[in-house]
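Single-structure report; data block below.
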Amino acid sequence: MWLLKSEPNDYSFKDLLEDKVTIWDGVKNYQAINNMKLMKKGELVFFYHTGNQRKIVGLCEVAKEAYDYGEYTVVEVKAIREFDKKISLKEIKSDDFFSDWALVRQGRLSVVPTKKEYFDRIMKMIE
């Protein structure tokens with residue numbers, strides 16, 4: 001399970017819903033690229049808006065595993081659903097349960113591995 005970050009002015013979850021599937025490109029950080037190489041088809045992915053929003057806004061899945069596309073390593077992701085309730089970074093940081101999550105510890109990492117227990121807890125917060 002994963003979390004992908006995007007500036008909503010560049011590419012929002014609504015854009016993904018409209019496109020249905022997209023190539024996730026533009027990642028330059030080596031750790032993020034290595035994380036993308038670990039992503040497996042069918043794995044679930046939180047979609048996170050950066051910038052002024054800083055919220056988990058939707059759920060997608062890996063549609064195609066990592067491959068080279070021009071100068072980038074990319075994956076393809078497919079929209080599943082937008083969340084009615086968005087979970088803010090502030091809410092996540094206020095819960096000690098998430099203190100070891102890379103989303104909290106490595107704020108600039110754009111492709112974040114997400115342990116099942118973090119994923120399950122976020123899904124409960126959304127309900």
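The values are calculated or read from the model by the stated rules, or taken from the named source; none is laboratory data. From a predicted model like this one, the values you see are computed outputs, not experimental measurements. Backbone-built Cβ (ideal geometry, glycine too); neighbour counts: all protein chains shown.
When the stretch 90-116 is filtered for residues that are closer than 14 Å to Met1 by Cβ, touching a strand residue (DSSP E or B) at 6+ places or on another chain (Cβ under 9 Å) and not aromatic (Phe, Trp, Tyr), the ones remaining, listed by number, are Ala102, Leu103, Val111, Val112, Pro113, Thr114. Among residues of the stretch 12-58 being more than 22 Å from Ile126 (Cα to Cα) and among the hydroxyl-bearing types (Ser, Thr, Tyr), the one that is modelled with the lowest pLDDT is Tyr30. How many of the residues in the stretch 71-89 are in contact with an Asp or Glu (Cβ under 8 Å, 6 or more places away or on another chain) and among the small types (Gly, Ala, Ser)? Selection size over the stretch 71-89: 1.
Pairs linking a residue in the stretch 75-103 that is among the β-branched types (Val, Ile, Thr) to a residue that is part of a loop (DSSP other than H, G, I, E, B), with Cβ atoms under 8 Å and 6 or more positions apart or on different chains, are Val75/Met39; Ile92/Trp101.
Could you identify the single residue in Ala66, Ala79 that is closer than 27 Å to Met125 by Cβ, among the small types (Gly, Ala, Ser), surrounded by 13 or more Cβ atoms within 10 Å (Cβ to Cβ) and in contact with a helix residue (DSSP H, G or I) (Cβ under 7 Å, 6 or more places away or on another chain)? That would be Ala79, the only listed residue that is closer than 27 Å to Met125 by Cβ, among the small types (Gly, Ala, Ser), surrounded by 13 or more Cβ atoms within 10 Å (Cβ to Cβ) and in contact with a helix residue (DSSP H, G or I) (Cβ under 7 Å, 6 or more places away or on another chain). The condition of being modelled with pLDDT of 95 or more and either among the acidic types (Asp, Glu) or closer than 22 Å to Asp15 by Cβ (or both) holds for only one of Ser99, Ser88, Ser94, that being Ser88.
The residues in the stretch 1-41 that are in contact with a strand residue (DSSP E or B) (Cβ under 7 Å, 6 or more places away or on another chain), among the aromatic types (Phe, Trp, Tyr) and either without any contact (Cβ under 8 Å) to a residue 60 or more places away in the chain or closer than 11 Å to Val74 by Cα (or both) can be counted, and the count is 1. Regarding Ile87, is this residue surrounded by 14 or more Cβ atoms within 10 Å (Cβ to Cβ), touching a strand residue (DSSP E or B) at 6+ places or on another chain (Cβ under 8 Å) and under 13 Å from Thr50 (Cα atoms)? So Ile87 fits the description; yes.
Return the residues of the stretch 76-90 that are in a strand (DSSP E or B) and charged (D, E, K, R); say none if nothing qualifies. If the condition is that a residue be in a strand (DSSP E or B) and charged (D, E, K, R), then Glu76, Lys78, Arg81, Glu82, Asp84, Lys85, Lys86 are the ones that fit. Quick check on my filter: what residues within the stretch 91-127 are surrounded by 17 or more Cβ atoms within 10 Å (Cβ to Cβ), β-branched (Val, Ile, Thr) and not in a loop (DSSP other than H, G, I, E, B)? Listed by number, the residues that qualify are Ile92, Val111, Val112, Ile122.
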